[in-house]
Structures are given as structure tokens and as C-alpha cells.
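There's a structure below that I have some questions on.
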Amino acid sequence: MTNEQIANRFDTLADLLEFDGANSFRVRAYRNAARTIRDMGDPLATMVDQNEDLTKLDGIGDDLAKKIVAMVNTGKLQQLDDMLEKIPASVLAILRVPGLGPKKAAVLYKELKVTSLDQLERACVAHRVKELKGFGAKTEETILKGIKIAAAADDRTYWAKADLVVQDLLKHLKGCKSIERLEPAGSYRRGKETIGDIDLLSVSTDAQEVMDRFAEFPLVEETIARGDTKMSVRLDTGLQVDLRVVPAESFGAAMQYFTGSKEHNVRVRSIAKQKGLKVNEWGVFRVADNGEETYVVGQEEAEVYAALDLPWFPPELREDREEFRWAESGKLPDLIVESDLQGDLHMHTHASDGSNSLEEMVAAARERGLKYIAITDHSQRVSMANGLDGDRLLEQWKMIDEFRKTIDDDFQVLKGIECDILEQGGMDLPDEVLAQADWVIGSVHYGQNQSKRQITDRIVGALENPHVCMIAHPTGRLINVRPPYEVDLEEVFQAAIANKKFLELNAASKRLDLNDVYCAAAKQRGIPIVINTDAHRTEGLLQVRYGILQARRGGLTKSDVANTRSWADMQKMLGR
DNA sequence: GCCGTTTTCGGCCCGACTGTTTTCAGTCG
């Protein structure tokens with residue numbers, strides 16, 4: 001059983017317990033445990049096999065440790081099965097309706113026997129919901145609207161897509177004269193690969209003017225809420241945007257609060273409490289014995305952290321994973337930035353499925369300030385993408401040799417190939433061809449539904465091939481499209497170490513694997529990461545920023561990423 | 001259900017907004 005599966009069961013159990021009216025802190029304990037497990041680099045199953053003490057993990061006590069051991073050994077979580085006897089799992093869909101929490105959902109279930117979104121819709125249409133105690137006509141209407149949102153809300157928004165909306169929103173709001181400061185916050189600012197909603201924060205002396213302007217944003221479909229300082233809207237895409245207007249002396253505190261994550265903030269506030277301070281979105285306050293509160297700081301985010309003896313945390317690290325431990329030991333990593341990258345070692349041309357020529361890709365890379373690139377078209381197995389056979393590839397490399405003669409500075413164009421790792425194992429091109437390359441990428445494109453053993457053996461086999469330098473997109477997942485293939489990443493990590501090979505962080509906005517957690521795990525094991533764009537056209541090189549965000553979320557520094565070095569130094573790392 | 005350099009019991013972050021209510025519970029982030 002994988003960490004993801006164990007975490008999912010705890011989360012489901014938490015949802016059911018909440019629905020059932022359980023103590024909210026108990027519910028939170030299950031959710032905290034699920035998060036810890038999801039964030040771990042090491043498989044729990046291995047820890048159980050080796051009889052390791054699970055209670056040393058954050059948020060795992062005796063009880064949950066026993067439950068994990070039982071799950072690993074039997075595949076069952078008895079308590080979850082018991083709850084599912086009592087409450088059908090379909091009621092959990094009801095909890096996804098905006099405005100419906102566990103209390104109201106429980107009333108609907110108990111009073112009207114509602115167990116699915118369909119039944120809920122029928123109950124609303126028949127006006128049976130507004131008759132319930134604590135419900136009214138407005139609530140019924142909200143639920144009816146919310147059902148459609150819940151049904152459509154399976155996909156989260158790609159960061160790249162949210163970025164376009166954010167930029168438009170900022171431009172639109174800047175038309176409002178009273179705005180002194182305006183910044184995006186939330187998961188967008190933390191650079192998460194997908195975001196749930198957009199959070200904006202502004203300083204203004206006239207909140208109502210800002211909100212009026214906000215309401216005029218052309219994509220606004222409806223206003224969900226509007227008060228003195230806070231307004232929420234839903235765009236026509238279904239995406240929710242929250243806007244908060246605060247006074248200047250609270251901007252830093254509000255940024256801190258609004259950026260989250262929730263878990264990071266819980267930790268911050270509990271640290272404040274131990275120091276006799278209180279942190280909210282309005283500032284840091286000293287709490288006297290008589291309960292009286294005095295404002296300490298709040299204008300700048302760094303001041304808020306400093307008041308708690310904490311360093312300013314880059315937003316990408318604010319997940320309550322390692323950041324507080326790093327801060328305590330003074331080892332907060334100096335995260336990589338885009339300008340640290342010297343090369344891009346994964347891109348396509350019109351020789352296979354790219355849209356631009358070699359010359360155009362080189363020109364674009366130069367414009368991006370890169371020092372070297374590798375041309376890595378697909379190999380023959382990827383026939384759909386017009387993949388290259390040995391002859392065509394050698395032809396292309398001859399062309400690159402010719403092109404190199406025209407370069408009058410130290411820019412380097414490497415002869416590369418994205419070579420498929422075949423379904424039955426082995427590489428898609430003969431060794432004598434690969435041996436002539438500067439840079440060979442091993443990729444899985446076919447047979448993604450194979451067993452864990454098969455997939456893992458294929459990738460490990462590729463890492464053992466002396467010509468292969470790196471494995472591209474090692475988990476194959478496409479965000480919102482398909483899950484990662486079954487691969488034992490720990491084995492892949494060990495093979496990468498043993499063979500001195502690199503693993504890719506593919507910057508394409510729908511890939512971004514390795515993800516943040518796996519980046520951190522690779523770093524911990526000393527495996528160099530290569531951040532590549534996998535560009536299929538010149539504009540594709542711009543995607544590098546998404547990869548940088550993911551790398552930063554994984555805590556990677558300049559030295560953790562191989563292509564921040566010169567090509568000569570990278571070759572040394574490969575033992576050449 | 002977790003956790004402990006005050007604690008093995010009694011805490012567990014904090015505030016805005018809405019709707020249905022007459023003073024607040026529920027939801028959300």
C-alpha cells in the first residue's frame with residue numbers, strides 16, 4: 001500500500017467523522033496525519049517492514065501508528081469500513097458544495113435522507129430544504145447553485161492558467177486610484193502546481209471603491225460575498241477570486257495570513273502564542289495579562305516573522321513541512337532562481353513533433369540568456385511524433401556539427417536525443433548510435449499501464465545503460481489528466497545514485513514531475529536534478545518559470561540543480 | 001487523536017461574512 005493510498009484513507013475517514021459530528025480536533029488529527037504521510041519521501045510500508053517507530057513522525061501517535069501497521073499488513077482500515085457501513089460514501093460529494101459544511105450536510109442526510117448530489121438537487125427543487133430548521137430560501141438557492149459547482153470542481157486550475165487571470169486582474173484593479181499596494185497571495189504566491197482559488201490583497205483608504213472596481217472585472221459571473229474588507233467573486237470559468245482590502249499598517253500581516261498555507265499559519269500563530277503574542281491578518285499584537293492587546297508590527301511581512309524570532313520564509317516553503325526546523329537551525333535554503341540556469345537539455349524541433357527549426361530554437365535560447373542547449377527530438381518508437389531512426393538522427397547530428405561552425409562565441413549546441421525506453425525494456429536506438437550523442441535522455445511514453453515491477457525495471461535498466469544521462473519526467477503524470485505510472489521511485493533514486501545519473505524536473509506546466517515532495521527526496525539523497533522545458537516551440541522555453549517554482553517548493557538551491565553549472569562541469573558529474 | 005523545557009489532562013489559530021436569527025451558528029480560508 002502506497003503512502004498516497006494510506007493518506008487518502010485517513011482523509012476519507014476524517015471527512016466521514018466530521019460529517020458524523022466527531023470532535024473537530026480529532027478530525028484534524030487524521031487530516032494532519034494524512035498530510036504528513038503524503039509529504040514523506042520514504043514509503044511507510046518499508047518503515048513498517050523494518051519495524052521502525054512510526055510515532056516519531058509528526059502527528060502520528062500510538063493509535064494512528066497501529067492503524068497504519070494494520071493497513072500495510074492487511075490493506076484494511078477497520079474504522080473506515082465501520083463508518084462506511086453507517087454512512088454511504090456518496091454523501092461526501094455533498095460536502096463539496098460551497099456553503100455546505102458537515103453540520104448542514106448532516107441535517108440534510110438525517111432529515112431528508114439525502115445521500116447524493118442528485119437527491120440534493122431534487123430536494124431543493126421541491127423546496128423541501130428551506131423548510132428545515134436553520135435553512136431558508138437563500139440557503140436553498142445557494143445550494144442549488146453550488147451543486148453545479150461541486151459537480152464541475154474536479155479539476156484544479158493550473159498555475160500557468162491562474163497566472164494569466166492574475167495578471168489581468170492586477171491590470172484591471174490598478175485602474176482604481178485609491179489603491180496604494182496590490183499583491184497576489186494564496187497558493188498562487190506559493191507557486192503550487194495547481195491552485196483552488198485566487199487571493200488578492202490591497203491597501204487602500206477606500207475599500208468600497210476597490211470592491212466596485214473588482215466587481216467590474218469583465219470575467220466576474222457572480223458576487224459570492226461582499227463586506228467591509230472582504231469580497232469574493234466567481235469568474236465565468238468557475239474560478240473563485242477573493243479580494244481583501246486592508247490599511248497600510250496591516251499589509252504585511254495580511255500578506256502573511258492570506259498567503260498561507262493554512263498549516264504554516266497555524267504553526268506561526270501557535271509560536272506567537274507561546275511568546276505572549278497574537279497574530280491575525282491585522283498585525284502582531286502583544287497580549288497583556290488583563291487581555292488587553294497592543295499592536296506591535298504588521299506593515300511588512302518580514303516584520304511579522306521577525307517579531308516571532310522567525311526568518312522571512314520564501315512563500316514556496318510555507319507548507320509546514322521542513323521550514324520551521326530549517327529556521328531553527330539557521331539552515332533555510334537559498335532557493336534557486338531562474339537566472340541560475342545555464343542550460344536547457346530537453347527540447348524538440350520540427351525534425352520530430354516540434355514547431356521550430358534548430359536555428360530558431362538556438363536563437364530563442366540565446367535570447368533567454370542560456371549558455372547551452374541540447375536538441376532532443378523523439379526516437380523512432382514515437383512514430384506519432386515522427387520520431388527519428390538512427391539514420392535520421394545521425395543526419396541531424398551532422399547538421400548540428402555544421403551549425404556549430406557558424407557559432408562565433410562560446411554558446412554550445414549539444415547533440416541529444418529523447419530516446420524511448422521500450423515496453424519490453426531496453427532503449428529504442430542501438431548503443432553504437434547513442435554512443436555518438438553528447439546527451440541522451442531516457443523516457444517512458446508507451447506501456448504506462450504496466451505493473452510497478454515492469455515499469456521500474458525499464459527505468460532502472462535505462463539508468464544502467466552507460467549512454468543514458470537522465471530520465472525525463474520520471475513519473476509520467478499529467479496534472480488533471482492522468483496519474484503517475486506505477487513506479488518504485490525509491491528504486492529509481494538508488495539506481496540514479498549508483499550510476500551517477502540525473503533526474504529531470506520537467507517544467508511543462510502540466511507535467512512538473514518530479515513534484516515538490518520528490519524533488520525534496522531527491523535532494524536529500526544527493527541526486528542532481530535537471531530542470532528542462534521540454535519545449536516544442538520557441539515560446540515553450542518560457543515554461544522554465546513553472547519548473548523553477550516547483551523546484552523552490554522542493555527546497556532546491558542552485559547547487560542541487562545540475563544545469564546551473566557549465567556543460568563541462570555537468571559532464572564531470574556524469575563521470576566523463 | 002496528538003502532544004508536553006509549565007502540563008499525561010486539557011488544550012488544540014483566528015477572524016470575516018452570511019443567513020436565520022433575536023444573539024449566534026455555520027462555513028470558509
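The values are calculated or read from the model by the stated rules, or taken from the named source; none is laboratory data. Bear in mind the structure is a predicted one, so any value in this text is a computation, not a measurement. Using ideal geometry, Cβ is built from the backbone for each residue, glycine included, and neighbour counts are taken over all protein chains shown. Note: accessible area is taken over every heavy atom of the protein model, side chains too, but ligands, DNA and RNA are not part of it. Shrake-Rupley method; radii C 1.70, N 1.55, O 1.52, S 1.80 Å.
Return the whole-Å distance between the Cα centroid of segment A:453-503 and the Cα centroid of segment A:291-309.
Comparing the Cα centres of segment A:453-503 and segment A:291-309, I get a distance of 46 Å.
Now, a different point. Over chain A, one equal point on each Cα, no solvent: what is log10 I(q)/I(0) by the Debye formula at q = 0.06, 0.08, 0.09, 0.10 Å⁻¹?
Cα-only, vacuum Debye calculation for chain A: -0.37, -0.66, -0.83, -1.01.
When the Karplus curve 6.51 cos²θ - 1.76 cosθ + 1.60 is applied with θ = phi - 60°, which whole-Hz ³J(HN,Hα) does each residue of segment A:465-479 get, with x for Gly and Pro?
Karplus-based 3J(HN,Hα) across segment A:465-479 equals 5, x, 8, 6, 9, 7, 9, 7, 4, x, 10, x, 5, 10, 4 Hz.
Once amide H atoms are built 1.01 Å from N in the peptide plane, which residues 5 or more positions from A:Asp488, or in another chain, come under 5 Å H to H?
A:Thr456
Then there is this: For a quick protection proxy, order the peptides A:75-87, A:265-277, A:364-376 by their average other-Cβ count within 10 Å, most packed first.
Ranking the peptides A:75-87, A:265-277, A:364-376 by packing returns A:364-376, A:265-277, A:75-87.
What shape does segment A:354-455 have by the C-alpha gyration tensor, where a ≥ b ≥ c are the square roots of the eigenvalues, rounded means a/c under 1.5, and otherwise prolate means a/b greater than b/c and oblate the rest?
Prolate, because a/c is 1.5 or more and a/b exceeds b/c.
Measuring from label point to label point, each 7 Å out along Cα→Cβ, what is the A:Asp334 to A:Ala89 span in nm?
Inter-label distance under the simple model: 4.9 nm.
A follow-up question, please. How do A:425-436, A:553-564 rank on mean C-beta neighbours within 10 Å, highest first?
Values: A:425-436: 16.3, A:553-564: 22.3.
Result, highest mean Cβ count within 10 Å first: A:553-564, A:425-436.
Under a 1.4 Å probe, what is the accessible area of chain A per residue, stated in Å²?
Dividing the accessible area of chain A by its residue count gives 45 Å².
How much of the accessible area of chain A, in percent, comes from carbon and sulfur atoms when a 1.4 Å probe is used?
Working: 12600 of 26140 Å².
Roughly 48 percent of what the probe reaches on chain A is carbon or sulfur.
How far is the Cα center of segment A:392-407 from the Cα center of segment A:145-213, in Å?
Their Cα centres are 47 Å away from one another.
To the nearest 500 deg cm²/dmol, what mean residue ellipticity at 222 nm is calculated for chain A from DSSP H runs of n ≥ 4 alone, each contributing -39,500 (n - 2.57), summed and divided by the residues?
-12500 deg cm²/dmol
Using the Cα gyration tensor of segment A:209-364, with a ≥ b ≥ c the square roots of its eigenvalues, what is the shape: rounded (a/c below 1.5), prolate (a/b larger than b/c) or oblate (neither)? Don't skip to the end; give the middle numbers.
Details: a/c = 3.18, a/b = 1.44, b/c = 2.21.
Oblate shape, in that a/c is at least 1.5 and b/c is the bigger or equal ratio.
While we're on this one: Just in segment A:100-139: which trypsin sites (Lys or Arg not before Pro) are loop by DSSP and have at most 13 other Cβ atoms within 10 Å? Numbers along the way, then the final one.
Numbers: sites: A:Lys103, A:Lys104, A:Lys110, A:Lys113, A:Arg122, A:Arg128, A:Lys130, A:Lys133, A:Lys138; in loops: A:Lys113, A:Arg128, A:Lys130, A:Lys133.
Here the sparse-neighbourhood loop sites are A:Lys113, A:Lys133.
In µm²/s, what is D for segment A:78-228 at 20 °C and 1.002 mPa s, where D = kT/(6 pi eta Rh) by Stokes-Einstein and Rh is the Kirkwood radius from Cα pairs?
118 µm²/s
So, one more: Taking segment A:157-246, how much of its Cα-Cα pair set, in percent, is spaced more than 16 angstrom apart?
Looking at segment A:157-246, the distances longer than 16 Å represent 47 percent of pairs.
Say each of A:Asp228 and A:Lys405 gets a label point 7 Å from the Cα, pointing the same way as Cα to Cβ; how far apart are those two points in nm?
Calculated label separation equals 7.7 nm.
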